[in-house]
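Report on one structure; see the data block that follows.
Since every read-out is calculated from the coordinates, none of them should be taken as a lab result. None of these values were measured; they are calculated from a predicted model. In this analysis, Cβ positions are derived from the backbone assuming ideal geometry, glycine residues included, and neighbour counts consider all displayed protein chains.
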Amino acid sequence: MTKPERIVDHISQLADDVTSRERKRSLLPVKFQGGESAYLDMSQTRAPVWAEVLQSLRDNDQPVYVELDSESRVITQMLLPRYLKVEAIRPADKDAVEVELVISHARHFLSRKHSDYERLLKMLEAAQKNKTTVLVTEDPDTHTIIDVRPDAGKRKKRRR
């Protein structure tokens, strides 16, 4: 099995010209603002819900985290990253550091076993030091941080 590829980006286009009958047996193209593309396998039971979520994210100019099979480019995992500020970083145990994120009451962890541990930790430390926002994706069940990206200015300003 090949290593999954990750994309964290805003959606630029979600094919909406596919009829519901065709969706049940086809691959729905998803295009990202950075130029990458992927597919939803509409034969999977979760795909119609994911298609609705992706459409909502596109309509609201919000980012998405997806993992995809690098050969077929089919989306295998979808998570919702959030723009957050880092309040504190402290050792949790020998396997992880705890990351305190502003406005979250959950305990968040960055595993020292993560393949990008050093890079992610440096981004979190820089965000804390500079009091800047980063785009954080985590496992929703364990609150383990799996991806951190700088806020590239794409964060949509809230309307008042």
Inset, instruction - Quick one: which residues, 5+ away or cross-chain, put their amide H under 5 Å from the amide H of GLU36? H built at 1.01 Å from N. - result: none
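Tell me the relative contact order for the stretch 5-79 as a rounded percent, counting alpha carbon contacts under 8 Å between residues six or more apart. Walk me through the numbers before you get to the answer.
Numbers: 128 pairs, mean separation 27.0, N = 75.
36 percent.
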Inset, instruction - Can you check how the C-alpha radius of gyration of the stretch 82-150 compares to 2.2 N^0.38 Å, as a plain ratio? - result: 0.96
Inset, instruction - Could you work out which residue, out of ASP61, ASP141, ASP95, moves most in a Gaussian network model of the chain, that is, has the largest mean-square fluctuation with Cα springs under 10 Å? - result: ASP141
Inset, instruction - Name the aspartates and glutamates eligible as straight-distance cross-link partners of LYS122: C-alpha to C-alpha under 13 Å, and not fewer than 8 places from it in the same chain. - result: ASP147
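What order, most packed first, do the peptides 49-55, 6-12 have when packing is the mean number of other Cβ atoms within 10 Å of each residue? Spell out each step's value before the answer.
Values: 49-55: 15.9, 6-12: 17.6.
Ranked by mean Cβ neighbours within 10 Å, highest first: 6-12, 49-55.
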Legend entry - Largest-first principal axis extents of the Cα set of the chain (Å): 51, 45, 27
Legend entry - Residue of PRO140, PRO29, PRO81 that the Gaussian network model of the chain assigns the largest fluctuation, springs spanning Cα pairs under 10 Å: PRO140
Inset, instruction - Would you look at the GNM of the chain, springs on alpha carbons closer than 10 Å, and say which of GLN62, GLN33, GLN128 moves the most? - result: GLN33
